[in-house]
Amino acid sequence: MPRMLDVSDAVRAEIGDEEADRLLTGDNAPGSYDCTSCRTPGDSEQERTSTVLFIGDETAVLAFAHAGCLPSQVVQVTEEQLQGAVRSISGDGDIASDGRAAQSAPEQAVLGVTSGLVLIAGELHPALVVEPTAPIVRPGSTAIGDDFLPLLIEQGFMPVTELTEVPPVLHGWSVLLAVGQLHAVLQPGPNGASQVAWWQAHQPLQVTDGWRAAANKHQQVLMFAAPVGSIGRQPREDLLRDAVDKAAANGKLVAAALPLAGT
């Protein structure tokens, strides 16, 4: 029986026309599935369903999601993260306990990412706070310094001196939630290509129910970034907010609102 599948041009280009057509006719697509985003049951015979292709270094995994949760898309991930996603989908994955993960950047610094709720103008917003463990220099540069904030400003992030209003939306970037957990921050690919991971969790990160509810409500996540030593690892949300406010007051904070991909 034909399926109500959305197969994007990017997914079709990766899997080929023949495989895409087999999916659409129901030959290779499941009728029922567990949504890779919200983890609740779906039925591709009864409701619109997105095909989401996760591509690692050596393997690829085709997953299915409610069309209202995720659009059909290709997501580039590391082989390690792809295997972690497979374990998570099967229920065998290990979940980080404190909402923080790290990824090695080309400059050998490590990006620390902390999730939390931020109160702005009387309303709670989901936020990610990013701080490297060492100065970030411009790729190819041999100079000594820290270009972390200038590099982000060039990408469209805005300097913030106080948290009194929600920062502007940065189109082309997004925060990927899949299987109900935080997977990556995505940025535009080169020359109009599909999005690629700017940061990705080594293992899918658990977020609180309140954080996920706020993300679903606003359909966006606020990202704040500061250079090394500006915020530190804070054990509570109130202390994290104080540190973010201090970084802003010292002119060491940039921010943007990133659209939400998934739920």
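Quick check on VAL179: is it within 29 Å of VAL75 (Cα to Cα), in the same structural domain as ILE120 (by TED's automatic domain parsing) and in contact with a Gly (Cβ under 9 Å, 6 or more places away or on another chain)? Please lay out each step first, then the result.
On the way: within 29 Å of VAL75 (Cα to Cα): yes; in the same structural domain as ILE120 (by TED's automatic domain parsing): yes; in contact with a Gly (Cβ under 9 Å, 6 or more places away or on another chain): yes.
Yes, satisfied.
Does at least one position in region 9-26 carry a residue that is in a loop (DSSP other than H, G, I, E, B), more than 23 Å from HIS183 (Cβ to Cβ), outside the structural domain of HIS183 (by TED's automatic domain parsing) and modelled with pLDDT under 85?
Yes, because at least one residue in region 9-26 is in a loop (DSSP other than H, G, I, E, B), more than 23 Å from HIS183 (Cβ to Cβ), outside the structural domain of HIS183 (by TED's automatic domain parsing) and modelled with pLDDT under 85.
Has region 52-74 got at least one residue that is modelled with pLDDT under 70, closer than 19 Å to ALA261 by Cα, charged (D, E, K, R) and not assigned by TED's automatic domain parsing to the domain that holds VAL179?
Looking for residues that are modelled with pLDDT under 70, closer than 19 Å to ALA261 by Cα, charged (D, E, K, R) and not assigned by TED's automatic domain parsing to the domain that holds VAL179, one finds none in region 52-74, hence no.
May I ask you to list the residues in region 213-244 that are surrounded by 15 or more Cβ atoms within 10 Å (Cβ to Cβ) and among the acidic types (Asp, Glu)?
GLU237, the sole residue that qualifies.
Six or more apart or on different chains, Cβ atoms under 9 Å: show the pairs whose first residue is in region 62-91 and within 19 Å of GLN203 (Cα to Cα) and of a type in the set (D, E, K, R) and whose second is at pLDDT 60 or above and outside any strand (DSSP E or B).
The qualifying pairs are GLU79/GLY56; GLU79/ASP57; GLU79/GLU58; GLU79/THR59; GLU80/GLY56; GLU80/ASP57.
If you go through region 162-171, how many residues are surrounded by 13 or more Cβ atoms within 10 Å (Cβ to Cβ) and either out of contact with any strand residue (DSSP E or B) (no Cβ under 7 Å at 6 or more places or on another chain) or more than 30 Å from ALA65 (Cα to Cα) (or both)?
So the answer is 1.
Could you grab me the full set of residues in region 187-198 that are closer than 22 Å to PRO167 by Cβ and either free of Cβ contacts under 8 Å to residues at least 60 places away in the same chain or surrounded by fewer than 19 Cβ atoms within 10 Å (Cβ to Cβ) (or both)?
GLN187, PRO188, ALA197, TRP198
Is it the case that LEU119 is outside any strand (DSSP E or B) and either within 16 Å of VAL254 (Cβ to Cβ) or in contact (Cβ under 8 Å) with a residue 24 or more places away in the chain (or both)?
no
Collect the residues in region 1-14 that are of a type in the set (A, V, I, L, M) and out of contact with any strand residue (DSSP E or B) (no Cβ under 7 Å at 6 or more places or on another chain), keeping them in residue-number order.
Within region 1-14, MET1, ALA13 qualify.
Pairs, please: C-beta under 6 Å, at least 6 apart or cross-chain, first residue touching a residue at least 12 places away in the same chain (Cβ under 8 Å) and in region 199-224, second assigned to a helix (DSSP H, G or I) and surrounded by 15 or more Cβ atoms within 10 Å (Cβ to Cβ)?
GLN200/GLN81; GLN203/GLY84; PRO204/SER88; VAL221/ALA215; PHE224/VAL244
For region 165-186, how many residues are within 18 Å of ALA127 (Cβ to Cβ) and free of Cβ contacts under 8 Å to residues at least 60 places away in the same chain?
Qualifying residue count for the region: 1.
The values are calculated or read from the model by the stated rules, or taken from the named source; none is laboratory data. Just so we're clear, the structure is a prediction, and the values are computed from it rather than from any experiment. Positions of Cβ are generated from backbone atoms using ideal geometry, with glycine treated the same way; all protein chains shown enter the neighbour counts.
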